[in-house]
Amino acid sequence: MRLHSHPASPFGRKVMVAAHELDVADRIAVDWRPVTPVAPNAAVVADNPLGKLPTLVLDDGRALFDSRVICEYLDDLAGGGRLFPRDPGVRMRALRLQALGDGIMEAAVLARYETVLRPEELRWQAWIEHQKLKVARALDWLEERVEELPAEGVDIGAVTVGCALGYLDFRFGADRWREGRPRLAAWYERFAARPSMAATRPHDLEKAA
Ligand code: BEZ
(Lines give C-alpha, C1' and ligand atoms only; values in the text may rest on other atoms or scores of the structure.)
Protein backbone atom coordinates (compact mmCIF):
# COMPACT_ATOMS: atom_id res chain seq x y z
CA MET A 1 0.00 0.00 0.00
CA ARG A 2 1.13 3.56 -0.65
CA LEU A 3 0.07 6.61 1.34
CA HIS A 4 0.06 10.14 -0.07
CA SER A 5 0.81 12.33 2.92
CA HIS A 6 2.85 15.27 4.24
CA PRO A 7 5.15 15.30 7.29
CA ALA A 8 3.17 18.20 8.84
CA SER A 9 -0.34 16.90 8.12
CA PRO A 10 -2.12 15.95 11.37
CA PHE A 11 -4.54 13.80 9.37
CA GLY A 12 -1.60 11.98 7.77
CA ARG A 13 -0.11 11.50 11.22
CA LYS A 14 -3.41 10.10 12.48
CA VAL A 15 -3.32 7.41 9.79
CA MET A 16 0.28 6.47 10.57
CA VAL A 17 -0.29 6.43 14.35
CA ALA A 18 -3.24 4.12 13.73
CA ALA A 19 -1.07 1.96 11.46
CA HIS A 20 1.65 1.69 14.12
CA GLU A 21 -0.89 0.86 16.83
CA LEU A 22 -2.31 -1.87 14.58
CA ASP A 23 1.14 -3.24 13.62
CA VAL A 24 0.58 -2.61 9.90
CA ALA A 25 2.84 0.42 9.44
CA ASP A 26 5.53 -1.64 7.72
CA ARG A 27 3.00 -2.49 4.97
CA ILE A 28 2.62 1.18 4.03
CA ALA A 29 5.11 3.10 1.86
CA VAL A 30 4.69 6.83 2.38
CA ASP A 31 5.04 9.35 -0.46
CA TRP A 32 5.45 12.90 0.84
CA ARG A 33 3.42 15.30 -1.27
CA PRO A 34 3.54 19.09 -1.18
CA VAL A 35 -0.17 19.96 -1.17
CA THR A 36 -2.04 23.15 -0.30
CA PRO A 37 -5.63 24.18 -1.15
CA VAL A 38 -4.26 26.38 -3.97
CA ALA A 39 -1.57 24.01 -5.22
CA PRO A 40 -2.98 20.53 -5.79
CA ASN A 41 -0.49 17.75 -6.46
CA ALA A 42 -1.05 15.86 -9.72
CA ALA A 43 -0.15 12.47 -8.25
CA VAL A 44 -2.66 12.94 -5.42
CA VAL A 45 -5.39 14.24 -7.74
CA ALA A 46 -4.89 11.16 -9.94
CA ASP A 47 -5.95 9.03 -6.96
CA ASN A 48 -8.35 11.37 -5.17
CA PRO A 49 -10.49 13.93 -7.04
CA LEU A 50 -10.44 16.14 -3.95
CA GLY A 51 -6.64 16.23 -4.10
CA LYS A 52 -6.51 15.89 -0.32
CA LEU A 53 -4.09 14.22 2.07
CA PRO A 54 -3.99 11.54 3.28
CA THR A 55 -4.99 9.19 0.48
CA LEU A 56 -4.17 5.48 0.70
CA VAL A 57 -3.68 3.52 -2.52
CA LEU A 58 -4.24 -0.20 -2.05
CA ASP A 59 -2.21 -2.84 -3.89
CA ASP A 60 -5.14 -3.42 -6.27
CA GLY A 61 -5.14 0.28 -7.23
CA ARG A 62 -8.22 1.37 -5.27
CA ALA A 63 -7.72 4.64 -3.43
CA LEU A 64 -9.19 5.30 0.01
CA PHE A 65 -9.86 8.70 1.60
CA ASP A 66 -10.30 10.42 4.05
CA SER A 67 -8.43 9.58 7.29
CA ARG A 68 -11.61 8.15 8.89
CA VAL A 69 -12.14 5.69 6.05
CA ILE A 70 -8.44 4.78 5.91
CA CYS A 71 -8.25 4.15 9.67
CA GLU A 72 -11.33 1.95 9.55
CA TYR A 73 -9.83 0.01 6.64
CA LEU A 74 -6.58 -0.52 8.57
CA ASP A 75 -8.52 -1.64 11.63
CA ASP A 76 -10.35 -4.26 9.52
CA LEU A 77 -7.02 -5.33 8.01
CA ALA A 78 -5.71 -5.93 11.53
CA GLY A 79 -8.70 -8.09 12.47
CA GLY A 80 -11.26 -5.42 13.37
CA GLY A 81 -12.57 -4.07 16.66
CA ARG A 82 -9.24 -2.73 17.85
CA LEU A 83 -9.32 1.04 17.25
CA PHE A 84 -13.05 0.98 16.45
CA PRO A 85 -14.61 -0.81 19.44
CA ARG A 86 -17.42 -3.25 18.67
CA ASP A 87 -19.54 -2.44 21.72
CA PRO A 88 -22.03 0.23 20.47
CA GLY A 89 -21.72 2.51 23.50
CA VAL A 90 -17.92 2.38 23.63
CA ARG A 91 -17.75 2.75 19.85
CA MET A 92 -19.95 5.87 19.84
CA ARG A 93 -17.76 7.45 22.54
CA ALA A 94 -14.64 6.79 20.43
CA LEU A 95 -16.31 8.08 17.24
CA ARG A 96 -17.47 11.25 18.96
CA LEU A 97 -13.92 11.91 20.14
CA GLN A 98 -12.66 11.19 16.64
CA ALA A 99 -15.08 13.82 15.28
CA LEU A 100 -13.93 16.33 17.88
CA GLY A 101 -10.24 15.67 17.19
CA ASP A 102 -10.82 15.94 13.43
CA GLY A 103 -12.65 19.23 14.03
CA ILE A 104 -9.74 20.62 16.05
CA MET A 105 -7.32 19.64 13.30
CA GLU A 106 -9.53 21.17 10.58
CA ALA A 107 -9.86 24.48 12.42
CA ALA A 108 -6.15 24.59 13.27
CA VAL A 109 -5.10 23.81 9.69
CA LEU A 110 -7.47 26.52 8.37
CA ALA A 111 -5.95 29.01 10.81
CA ARG A 112 -2.48 27.94 9.72
CA TYR A 113 -3.29 28.39 6.02
CA GLU A 114 -4.81 31.80 6.68
CA THR A 115 -1.66 32.81 8.55
CA VAL A 116 1.06 31.54 6.22
CA LEU A 117 -0.53 30.83 2.85
CA ARG A 118 -2.94 33.64 2.09
CA PRO A 119 -1.34 36.81 0.72
CA GLU A 120 -0.84 39.27 3.58
CA GLU A 121 -3.20 41.92 2.17
CA LEU A 122 -6.02 39.34 2.00
CA ARG A 123 -5.63 37.88 5.50
CA TRP A 124 -8.75 37.93 7.62
CA GLN A 125 -7.90 38.23 11.32
CA ALA A 126 -11.48 37.49 12.47
CA TRP A 127 -11.38 34.23 10.53
CA ILE A 128 -8.18 33.16 12.31
CA GLU A 129 -9.57 34.20 15.70
CA HIS A 130 -12.80 32.25 15.20
CA GLN A 131 -10.93 29.10 14.12
CA LYS A 132 -8.79 29.42 17.25
CA LEU A 133 -11.89 29.98 19.41
CA LYS A 134 -13.36 26.77 18.00
CA VAL A 135 -10.19 24.95 19.02
CA ALA A 136 -10.23 26.52 22.50
CA ARG A 137 -13.87 25.51 23.09
CA ALA A 138 -13.12 21.94 21.99
CA LEU A 139 -10.11 21.77 24.34
CA ASP A 140 -12.21 23.06 27.26
CA TRP A 141 -14.84 20.42 26.45
CA LEU A 142 -12.13 17.74 26.54
CA GLU A 143 -10.70 19.07 29.82
CA GLU A 144 -14.14 18.57 31.41
CA ARG A 145 -14.54 15.07 29.95
CA VAL A 146 -11.02 13.72 29.95
CA GLU A 147 -12.25 10.43 31.44
CA GLU A 148 -13.86 9.71 28.04
CA LEU A 149 -10.35 9.22 26.67
CA PRO A 150 -8.89 5.79 27.41
CA ALA A 151 -6.54 6.09 30.40
CA GLU A 152 -4.56 3.14 29.05
CA GLY A 153 -4.66 1.53 25.66
CA VAL A 154 -5.87 3.28 22.57
CA ASP A 155 -8.87 3.73 20.30
CA ILE A 156 -9.60 5.96 17.31
CA GLY A 157 -10.77 8.76 19.58
CA ALA A 158 -7.48 8.80 21.48
CA VAL A 159 -5.45 8.60 18.25
CA THR A 160 -7.30 11.57 16.74
CA VAL A 161 -7.27 13.78 19.83
CA GLY A 162 -3.59 12.91 20.38
CA CYS A 163 -2.69 13.95 16.83
CA ALA A 164 -4.75 17.14 17.15
CA LEU A 165 -2.86 18.13 20.32
CA GLY A 166 0.43 17.21 18.64
CA TYR A 167 -0.43 19.54 15.75
CA LEU A 168 -1.20 22.39 18.18
CA ASP A 169 2.24 21.88 19.75
CA PHE A 170 3.85 21.79 16.30
CA ARG A 171 2.21 24.86 14.73
CA PHE A 172 0.67 26.82 17.61
CA GLY A 173 3.08 26.28 20.51
CA ALA A 174 2.93 29.98 21.40
CA ASP A 175 -0.81 29.62 22.17
CA ARG A 176 0.05 27.37 25.17
CA TRP A 177 -3.01 25.11 25.01
CA ARG A 178 -2.01 23.36 28.27
CA GLU A 179 -2.66 26.46 30.38
CA GLY A 180 -5.83 25.94 32.44
CA ARG A 181 -6.18 22.36 31.15
CA PRO A 182 -4.04 20.23 33.47
CA ARG A 183 -6.06 17.02 33.06
CA LEU A 184 -5.87 17.07 29.29
CA ALA A 185 -2.18 17.97 29.45
CA ALA A 186 -1.50 14.98 31.74
CA TRP A 187 -3.42 12.65 29.42
CA TYR A 188 -1.47 13.92 26.41
CA GLU A 189 1.88 13.53 28.16
CA ARG A 190 1.15 9.82 28.58
CA PHE A 191 -0.25 9.44 25.07
CA ALA A 192 2.60 11.30 23.38
CA ALA A 193 5.07 8.83 24.93
CA ARG A 194 3.59 5.93 22.95
CA PRO A 195 5.96 4.48 20.32
CA SER A 196 3.37 5.25 17.60
CA MET A 197 3.53 8.95 18.45
CA ALA A 198 7.33 8.94 18.80
CA ALA A 199 7.65 7.37 15.32
CA THR A 200 5.52 10.09 13.67
CA ARG A 201 6.78 13.39 15.12
CA PRO A 202 6.38 16.07 12.43
CA HIS A 203 9.71 17.74 13.29
CA ASP A 204 11.56 14.45 12.74
CA LEU A 205 9.62 13.57 9.56
CA GLU A 206 10.24 17.04 8.07
CA LYS A 207 13.99 16.60 8.64
CA ALA A 208 13.98 13.15 7.07
CA ALA A 209 11.69 14.03 4.10
C1 BEZ B 1 1.11 22.30 7.74
O2 BEZ B 1 2.16 22.67 7.19
O3 BEZ B 1 0.78 22.70 8.87
C4 BEZ B 1 0.25 21.33 6.99
C5 BEZ B 1 0.75 20.69 5.86
C6 BEZ B 1 -0.05 19.78 5.17
C7 BEZ B 1 -1.34 19.53 5.61
C8 BEZ B 1 -1.82 20.17 6.74
C9 BEZ B 1 -1.03 21.06 7.44
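The values are calculated or read from the model by the stated rules, or taken from the named source; none is laboratory data. Remember, predicted model here, so these are calculated numbers, not experimental data. Glycine gets a Cβ as well: all are built from the backbone with ideal geometry, and neighbour counts include every protein chain shown. Note: accessible area is taken over every heavy atom of the protein model, side chains too, but ligands, DNA and RNA are not part of it. Shrake-Rupley method; radii C 1.70, N 1.55, O 1.52, S 1.80 Å.
ASP47 passes every criterion in (1) over 19 Å from TYR113 (Cβ atoms); (2) modelled with pLDDT under 95; (3) not small (Gly, Ala, Ser) apart from (2). Take the residues in region 112-122 that are free of Cβ contacts under 8 Å to residues at least 40 places away in the same chain and within 16 Å of the ligand (Cβ to nearest atom), then tell me which one is nearest to ASP175 (Cα to Cα). Within region 112-122, the match that is nearest to ASP175 (Cα to Cα) is THR115.
When you check SER67 against the structure, is it farther than 16 Å from ALA199 by Cα, of a type in the set (Gly, Ala, Ser) and within 12 Å of the ligand (Cβ to nearest atom), yes or no? So SER67 passes the test.
Step by step: first the residues of region 20-59, then only those that are open to solvent by less than 50 Å² (accessible area, probe 1.4 Å), in contact (Cβ under 8 Å) with a residue 60 or more places away in the chain and not charged (D, E, K, R), then the one that is farthest from the ligand (Cβ to nearest atom). Which residue is that? Once the filter is applied, the top-ranked residue is LEU22.
Every condition in (1) open to solvent by 20 Å² or more (accessible area, probe 1.4 Å); (2) at pLDDT below 95 is met by GLY103 except one, and the failing one is (2). For region 122-165, give me each residue that is small (Gly, Ala, Ser), touching a helix residue (DSSP H, G or I) at 6+ places or on another chain (Cβ under 7 Å) and under 25 Å from GLY81 (Cα atoms). Hits for region 122-165 are GLY157, ALA158, GLY162, ALA164.
Okay, residues lined up against (1) not in a helix (DSSP H, G or I); (2) not aliphatic (A, V, I, L, M):
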| site | (1), (2) |
| --- | --- |
| ARG91 | no, yes |
| ARG96 | no, yes |
| GLY103 | no, yes |
| HIS130 | no, yes |
| ALA136 | no, no |
| TRP141 | no, yes |
| GLY153 | yes, yes |
| GLY157 | no, yes |
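Among the residues of region 114-127, are any closer than 19 Å to CYS163 by Cβ and either open to solvent by less than 80 Å² (accessible area, probe 1.4 Å) or aliphatic (A, V, I, L, M) (or both)? There is no residue in region 114-127 that is closer than 19 Å to CYS163 by Cβ and either open to solvent by less than 80 Å² (accessible area, probe 1.4 Å) or aliphatic (A, V, I, L, M) (or both). Taken together, VAL109, VAL161, VAL146 contain a single residue that is more than 16 Å from the ligand (Cβ to nearest atom), under 13 Å from the mean Cα position of the chain (by Cα) and of a type in the set (A, V, I, L, M), which is VAL161. For region 150-192, enumerate the residues that are open to solvent by 80 Å² or more (accessible area, probe 1.4 Å) and either of a type in the set (Ser, Thr, Tyr) or more than 21 Å from VAL135 (Cβ to Cβ) (or both). Correct list: GLU152, ARG190.
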